[in-house]
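Have a look at the structure below, then the notes.
The values are calculated or read from the model by the stated rules, or taken from the named source; none is laboratory data. No experiment lies behind these values; they were computed from the predicted model shown. Cβ placement follows ideal geometry from the backbone for every residue including glycine, while neighbour counts extend to all protein chains displayed. Ligands, DNA and RNA are excluded from the accessible area calculation, which covers all protein heavy atoms including side chains. Shrake-Rupley method; radii C 1.70, N 1.55, O 1.52, S 1.80 Å.
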Amino acid sequence: AMLTPWGEHVKADNAWREYPRPAMKRDNWTCLNGMWQYAVTKKDAEAMPGKPDGDILVPFAIESTLSSVSKRITPDDSLWYKRTFDVTKNKGRRLLLNFEAVDYESVVWVNGKEVGRHLGGNLPFSFDITDAVRSGVNELVLKVVDATDTAFQLHGKQRLNPKGIWYTPVSGIWQTVWLEEVPATIQPDRTLAAWFVKASCR
């Protein structure tokens, strides 16, 4: 694969470290981009294998060179991600787990507890994970399936067999993942529309 001069310098410690919403930046936030463990299983698998297939650089799609994997995912597969993170729980504060984009169907667990599901490959989504985390080390697991053009879902010009004007599929995490602490009265925004409403009111 041919990389740009910028792509050649992408590493786990510098992959998209900027806060995704600079106009709404909160002081207490943690970027989760970097090396995660990954595994590819059959679509109906209910858990990530005990032994991962290797490491993947988030937030780059598994098909991409920058992910360090460059592997195609089929509609019959599940793509699993796992990593740990440290937090300190503070009284009267909530902790949100934010994904800028994951393609396409996602299920998220924190410390073995399902914290949410999302359908769609382009919009950001958030889960309040306060009740699932503990002070110290926590485990985050994400399962993704992507039918691309074999089922009724938004996929743009992505095709399993790209040629001509059609694009190679993009699966899994492909935008920033991060944690942020918010006041107890703030609830996660689940749609892009809610994000714009909040931004316009500030």
> SER68 fails exactly one of the following numbered conditions: (1) in contact (Cβ under 8 Å) with a residue 60 or more places away in the chain; (2) hydroxyl-bearing (Ser, Thr, Tyr); (3) farther than 26 Å from ASP128 by Cα. What is the number of that condition?
Replying inline: (1)
>> Just to verify a result, which residue in the stretch 109-138, among those that are hydrophobic (A, V, I, L, M, F, W, C) and assigned to a strand (DSSP E or B), is most open to solvent (accessible area, probe 1.4 Å)?
In response: LEU119
>> ASP55 - would you say it is at pLDDT 95 or above, more than 21 Å from VAL182 (Cβ to Cβ) and open to solvent by 70 Å² or more (accessible area, probe 1.4 Å)?
In response: yes
>> Cβ-Cβ under 8 Å, sequence separation 6+ or interchain: first residue in the stretch 71-96 and free of Cβ contacts under 8 Å to residues at least 40 places away in the same chain, partner part of a strand (DSSP E or B) and of a type in the set (D, E, K, R). Which pairs?
In response: ASP76/LYS42
>> If a residue must be at pLDDT below 70 and β-branched (Val, Ile, Thr), how many such residues does the stretch 166-202 contain?
In response: 3
> LEU66 is checked against (1) part of a helix (DSSP H, G or I); (2) open to solvent by less than 80 Å² (accessible area, probe 1.4 Å) and fails just one. What number does that condition carry?
Replying inline: (1)
> In the stretch 72-105, how many residues are within 22 Å of TRP16 (Cα to Cα), open to solvent by less than 30 Å² (accessible area, probe 1.4 Å) and either of a type in the set (D, E, K, R) or assigned to a strand (DSSP E or B) (or both)?
Replying inline: 12
> In the stretch 6-29, what count of residues is obtained for those that are open to solvent by 100 Å² or more (accessible area, probe 1.4 Å) and over 20 Å from PHE99 (Cβ atoms)?
Replying inline: 6
>> Anything in the stretch 30-52 that is open to solvent by less than 50 Å² (accessible area, probe 1.4 Å) and either at pLDDT below 90 or not in a strand (DSSP E or B) (or both)? List them, or say none.
In response: LEU32, ASN33, ALA45, MET48, PRO49, PRO52
> Would you pick out the residues in the stretch 19-44 that are of a type outside the set (Lys, Arg), in contact (Cβ under 8 Å) with a residue 24 or more places away in the chain and farther than 30 Å from ASP76 by Cα?
Replying inline: TYR19, PRO20, ALA23, MET24, ASN28, TRP29, THR30, CYS31
